[in-house]
1. Could you please find all residues in the stretch 218-235 being surrounded by 19 or more Cβ atoms within 10 Å (Cβ to Cβ) and either over 18 Å from Gly132 (Cα atoms) or not assigned by TED's automatic domain parsing to the domain that holds Ala48 (or both)?
2. Can we say Gly214 is exposed (fewer than 15 other Cβ atoms within 10 Å of the Cβ), of a type in the set (Gly, Ala, Ser) and free of Cβ contacts under 8 Å to residues at least 40 places away in the same chain?
3. Determine, yes or no, whether Ser458 is of a type in the set (S, T, N, Q) and in a strand (DSSP E or B).
4. Among Val421, Val402, Val380, which is the only one that is in contact with a Ser or Thr (Cβ under 9 Å, 6 or more places away or on another chain) and under 30 Å from Tyr75 (Cβ atoms)?
5. Check whether at least one residue in the stretch 402-412 is in contact (Cβ under 8 Å) with a residue 24 or more places away in the chain and either within 30 Å of Phe149 (Cα to Cα) or part of a helix (DSSP H, G or I) (or both), and report yes or no.
6. Only residues that are touching a helix residue (DSSP H, G or I) at 6+ places or on another chain (Cβ under 8 Å) and either buried (at least 22 other Cβ atoms within 10 Å of the Cβ) or not assigned by TED's automatic domain parsing to the domain that holds Gly255 (or both): list them for the stretch 141-159, please.
7. Please specify each residue of the stretch 9-65 satisfying the condition of being assigned to a helix (DSSP H, G or I) and within 11 Å of the chain's Cα centre (by Cα).
8. Just one of Ala244, Ala201 is touching a helix residue (DSSP H, G or I) at 6+ places or on another chain (Cβ under 8 Å), modelled with pLDDT of 95 or more and surrounded by 17 or more Cβ atoms within 10 Å (Cβ to Cβ); which is it?
Amino acid sequence: MAAGIVTWGSYLPHWRLRHAAIAQVLGSGPTKGSRAVASFDEDTTTLAVEAGRRALAPGGPAVQDLLFSTPAPGYLDKTNATTIHAALGLGRTCAAYDFVGSPRSSMGTLLSALGAAAQRTTLSVLSDLRFGLAGGAEERDAGDGAVAFVTGPDGAVAEVIGRASASDEFLDRWRVPGQADSHVWEERFGEEQYVPLAREAFDDALKAADLTEGDVHHVIVSGLHVRAVKSVAGRLGVAKEAMAPDLGSTIGNLGGAQAGIALADVLDRALPGQVILVLSLADGVDALVLRTTDALPGAQGASRGIGVPTVSEQVASGHRDVSYANFLAWRGQLLREPPRRPDPERPGAPIVHRSEGWKYAFVASTCTECGFRHMPPTRVCLSCRSIDQMRPERLADVAGTVATFTIDHLAYSMSPPVIGVIVDFDGGGRYRCELTDADASEVAIGDRVGMTFRRVYSAQGVHNYFWKARPLDGSSAEAGE
């Protein structure tokens, strides 16, 4: 059995910001295209959790290491990967590490995991949430999303057959700590640096794989320097049909997650025995050559069987438009007056830790005597009164039905109104929670919902993460799209 990428999963936020909406407000700019937008209650950690859930196939191998990479971490001086670890319900012996700070760290994370694939099973999650000044190209052409890969010693759908890198120190893009917006040097200078580095890494990777340009079936060229990416893609000498589709016009440039999303898109539709070459331009160039195996169709079929959407399906389904005003408010660039209610309090560390299983992994308790399911978990059964006769049960992946709901215009929220729903979960259990990614005017009793990991609010620098419900495909809350 080959070592390499075993499974993968991608996550693109539900919301889209159309370029026309920006141009309408500012009076100028492109009107075609759109970008993926993380909701007000999403950050790179929650995006990573959703991608990780899709990559972890039921009954798959136990993950030994979790590697999380993002240029926009929710915390500094605290490991964000441990939050992802808890939300995914990974074992206590699974290590969790951050690789943050720059887009190149994302490719380095995946390459590190692939290098250790023969010995350890690793979940690598690449996530990014892009910022930019209002009306600028960074804001318009960026995008948000995450992708995850499980690498391990057995059952690989794609194995590494070559890799190469070319590094050089030059000032192309930078952002100092405390700033949200990146600075970019003059484009011509960056192009002059990247093109020869890309050619060098490309040739060395093919040489390491003992291949020529004509042997490559899929080529991915990614990077935040758009001019350099286009220049490199046009000079590689590979067939035009081998170039991976450009997703920038529909979801934007996902920065640290861009190469990974493009790779996931290729794996969604590739055939066994095909060669994939990934070329990532970020403070140098990294080249990775993969060959798909006979296990790929089985993994593709398994993902479809449990309802994991492909990248192309997510691109096509993300049609719910967000207004430019709401987008600016979600990004903190438009300060709206909050409801006249007390500000939320900072979550207490001891309390959060005591309820870790429920708060992060959404683990309920089910009575072993009568089968009654409790949410949140409890020691005493509300049905048969048995004490300490409970078994934990993770419900994060269990769907439910809206039993009733309320629209609250006064509760604290960055995006009012708050939609509160009472959900009846399949197999038993009822819980009241917030509904996200939905229009208040379209919610109805009987809607089918699933759970999603979100940042409920932040107070005094502490993020309060928990689970919310979101409409599933086919529910009336999404039918209006």
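The values are calculated or read from the model by the stated rules, or taken from the named source; none is laboratory data. This structure is a prediction, so every number in the text was calculated from the model and none was measured. Here the Cβ positions follow ideal geometry from the backbone for every residue, glycine too, while neighbour counts run over all protein chains shown.
1. His218, Val219, Ile220, Val221, Ser222, Ala228, Val229, Val232, Ala233
2. yes
3. Here the answer is yes, as Ser458 does meet what is asked.
4. Numbers: Val402 fails: under 30 Å from Tyr75 (Cβ atoms); Val380 fails: under 30 Å from Tyr75 (Cβ atoms).
Result: Val421 is the single residue among Val421, Val402, Val380 that is in contact with a Ser or Thr (Cβ under 9 Å, 6 or more places away or on another chain) and under 30 Å from Tyr75 (Cβ atoms).
5. Checking the stretch 402-412: not a single residue is in contact (Cβ under 8 Å) with a residue 24 or more places away in the chain and either within 30 Å of Phe149 (Cα to Cα) or part of a helix (DSSP H, G or I) (or both).
6. Residues satisfying the conditions are Ala142, Gly143, Asp144, Gly145, Ala146, Val147, Ala148, Phe149, Val150, Thr151, Val157, Ala158.
7. Thr44, Thr45, Thr46, Leu47, Ala48, Val49, Glu50, Ala51, Gly52, Arg53, Arg54, Ala55
8. Numbers: Ala201 fails: touching a helix residue (DSSP H, G or I) at 6+ places or on another chain (Cβ under 8 Å).
Only one candidate passes the filter, namely Ala244.
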